[in-house]
Amino acid sequence: MKIAVLGCGTVGSGVVDILDEKKELMVKSAGEEISVKYILDIRDFTGSPYESRIVKDIDIIAEDEEIGCVVETMGGVEPAFTFCKKCLSKGKSVVTSNKALVAAKAQELFKTARENNAAFMFEAAVCGGIPVIRTMFSALSANNILSFSGILNGTTNFILTKMIDEKMSFDTALKIAQEKGYAEKDPTADVDGLDAGRKTCILASIAYGSHVYPEEIHTEGIRNITLEDAAYAANAGCRIKLLGKAHKLNNGKIGAIVCPFLVNTSSLISDVNGVYNAISITGDSIGDVLLYGQGAGKEATASAVTGDVMECVRLKKNEKHYFWEEHKDNVLEDYMLYETALFVRGYAKNKEDSLINIREAFGGVRVIEREDAPSNEIAFITGRAAEKELRDILSELRDFAPASVIRMLD
Ligand code: HSE
């Protein structure tokens with residue numbers, strides 16, 4: 001399939017790069033080559049690999065019958081909406097990462113897509129690389145979604161983490177977030193909760209089947225959170241998190257809100273820090289599901305967009321069945337060759353002599369102590385190497401009998 005990318009900024013260029021570089025994976029996983037024929041952008045990208053594909057007129061793309069899918073990564077509602085609608089009405093599927101567009105116009109774009117036998121997909125519009133849209137639309141579709149709550153904005157989570165863990169002021173943390181490129185062009189969208197608000201609306205619309213608009217939900221940001229609040233929260237066994245939350249009420253209405261919450265540290269979501277996002281979904285059959293990952297960034301977001309493009313290709317070919325090839329001999333590597341570190345506990349004839357031997361044999365280990373240990377017990381963690389290499393060294397140790405050997409997670 002030939003595709004076009006509208007807007008060659010951070011995410012758009014990431015999509016072009018993935019499709020240019022992973023040709024083999026596309027054929028293997030989507031069943032055919034996917035190549036970028038056009039890139040619509042106001043810039044010329046002279047001297048770059050994008051230059052020969054740059055066009056300035058959406059009609060070139062909309063009128064080209066070879067184009068099966070259009071990726072919109074321009075941001076903002078207009079002209080993205082007009083461009084997407086035009087392409088959908090020509091029967092081209094549209095994939096977008098643009099949450100402002102989805103939150104404001106998805107319903108109309110779904111309708112145009114349906115009328116023209118095309119798809120409108122937007123996995124990257126909520127939580128970047130985390131596959132929350134397809135999970136809610138598809139994998140959880142046998143559930144009534146009772147509620148969801150999530151850290152949907154990486155910038156504010158980064159700022160709150162800095163404030164809580166490093167006692168940094170809001171202004172300094174925001175400056176660092178901007179320097180690192182996490183914040184949107186205008187940080188207002190992040191710090192005042194508007195970005196999280198749009199994402200909450202998209203998820204609430206999927207969960208409850210009716211378009212929810214950002215203007216309709218109460219939204220607060222984190223500008224007024226202080227270090228004093230963070231300190232009190234810590235004393236109450238909590239961390240402050242900006243959450244987007246929605247639930248179905250008994251009267252059939254939807255409750256949806258975006259604001260800072262005190263989250264008990266016993267909750268998994270309280271431990272999601274930095275620019276990471278997480279979303280907890282409660283379904284009536286499945287119970288709780290937690291999704292966690294990078295909610296922003298070029299590669300993570302481009303991976304979600306490209307995954308949607310591949311899905312469009314599969315849909316077009318009507319290939320919805322799961323598939324893998326026949327078993328190949330020697331496809332699995334011997335676990336003894338995996339690199340790992342080992343925790344070892346055992347008994348020595350002479351503790352001091354054994355420790356000298358162990359350190360020498362492994363080229364250094366981290367010795368661990370415990371209270372009330374028998375005088376001949378030794379516990380240590382080795383460095384990382386192929387397991388076979390570590391086991392060989394262990395078996396050659398004299399006057400030391402291992403009692404437990406447990407692999408360390410990376
Ligand atoms: N500025 C957004 C965030 C990027 O910080 O989460 C992805 O929407």
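The values are calculated or read from the model by the stated rules, or taken from the named source; none is laboratory data. As the structure is a computational prediction, the values presented were derived from the model and not from experiment. As a convention, Cβ positions derive from the backbone with ideal geometry for all residues, glycine included, and neighbour counts pool all protein chains shown.
Looking only at the stretch 160-177, which residues are within 16 Å of the ligand (Cβ to nearest atom) and more than 29 Å from ILE206 (Cα to Cα)?
Filtering the stretch 160-177 for residues within 16 Å of the ligand (Cβ to nearest atom) gives 160-163, 170, 173-177.
Once the filter is applied, which keeps residues that are within 16 Å of the ligand (Cβ to nearest atom) and more than 29 Å from ILE206 (Cα to Cα), the stretch 160-177 yields THR161, LYS162, MET163, PHE170, ALA173, LEU174, LYS175, ILE176, ALA177.
So, ASP284, is that one acidic (Asp, Glu), in contact with a helix residue (DSSP H, G or I) (Cβ under 8 Å, 6 or more places away or on another chain) and over 26 Å from LEU174 (Cα atoms) or not? Even if it seems obvious, please write down each step before you answer.
On the way: acidic (Asp, Glu): yes; in contact with a helix residue (DSSP H, G or I) (Cβ under 8 Å, 6 or more places away or on another chain): no; over 26 Å from LEU174 (Cα atoms): yes.
For ASP284, the condition - acidic (Asp, Glu), in contact with a helix residue (DSSP H, G or I) (Cβ under 8 Å, 6 or more places away or on another chain) and over 26 Å from LEU174 (Cα atoms) - is not met.
Condition first: surrounded by 23 or more Cβ atoms within 10 Å (Cβ to Cβ), closer than 25 Å to ILE279 by Cβ and basic (Lys, Arg). Can you find one or more residues in the stretch 132-146 that meet it? Among the residues of the stretch 132-146, not one is surrounded by 23 or more Cβ atoms within 10 Å (Cβ to Cβ), closer than 25 Å to ILE279 by Cβ and basic (Lys, Arg), which makes the answer no. Residues that are within 15 Å of PHE343 (Cα to Cα) and surrounded by fewer than 14 Cβ atoms within 10 Å (Cβ to Cβ) within the stretch 364-382 comprise GLY364, ARG366, VAL367, ILE368, GLU369, ARG370, listed in sequence order.
Restricting attention to the stretch 83-92, does a residue exist that is on the phi > 0 side of the Ramachandran plot and modelled with pLDDT of 95 or more? Before the answer, list the steps.
Of all residues in the stretch 83-92, those on the phi > 0 side of the Ramachandran plot come to 91.
Retained after the next criterion (residues that are modelled with pLDDT of 95 or more): 91.
Yes, the stretch 83-92 has at least one match.
Pairing residues of the stretch 107-126 that are of a type outside the set (Phe, Trp, Tyr) with residues that are within 16 Å of the ligand (Cβ to nearest atom) and in a loop (DSSP other than H, G, I, E, B), at Cβ distances under 6 Å and at least 6 apart in sequence or on separate chains, gives ALA124/SER97; ALA125/SER97.
Where strands (runs of 3 or more DSSP E) fall wholly inside the stretch 301-389, the ranges with 3 or more residues that are in contact with a strand residue (DSSP E or B) (Cβ under 8 Å, 6 or more places away or on another chain) and hydrophobic (A, V, I, L, M, F, W, C) are 339-348, 377-381. Identify all residues within the stretch 81-113 that are of a type in the set (Ser, Thr, Tyr), more than 24 Å from SER303 (Cβ to Cβ) and touching a helix residue (DSSP H, G or I) at 6+ places or on another chain (Cβ under 7 Å); write none if there are none. Matches in the stretch 81-113: SER89, THR112. Working only within the stretch 260-308, note down all residues that are under 27 Å from GLU215 (Cα atoms) and away from the ligand (no atom under 16 Å from the Cβ). The answer is PHE261, LEU262, VAL263, SER280, ILE281, THR282, GLY283.
Do we find that PRO214 is within 16 Å of the ligand (Cβ to nearest atom) and within 26 Å of MET74 (Cα to Cα) in this structure? Spell out the reasoning first.
Working: within 16 Å of the ligand (Cβ to nearest atom): yes; within 26 Å of MET74 (Cα to Cα): yes.
Here the answer is yes, as PRO214 does meet what is asked.
Of all the residues in the stretch 1-10, those that are modelled with pLDDT of 95 or more and either of a type in the set (Phe, Trp, Tyr) or touching a Lys or Arg at 6+ places or on another chain (Cβ under 8 Å) (or both) number 5. Looking only at the stretch 178-196, filter to residues that are touching a Gly at 6+ places or on another chain (Cβ under 7 Å) and at negative phi; which one of those is nearest to the ligand (Cβ to nearest atom)? Result: TYR182.
Every residue, every condition in (1) closer than 22 Å to GLY197 by Cβ; (2) modelled with pLDDT under 95; (3) more than 15 Å from the ligand (Cβ to nearest atom); (4) not acidic (Asp, Glu), yes or no:
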| site | (1), (2), (3), (4) |
| --- | --- |
| ASN116 | no, no, yes, yes |
| PHE120 | yes, no, yes, yes |
| ALA125 | yes, no, no, yes |
| GLY129 | yes, yes, no, yes |
| VAL132 | yes, no, no, yes |
| ALA142 | no, no, yes, yes |
| SER147 | yes, no, yes, yes |
| ASN153 | yes, no, no, yes |
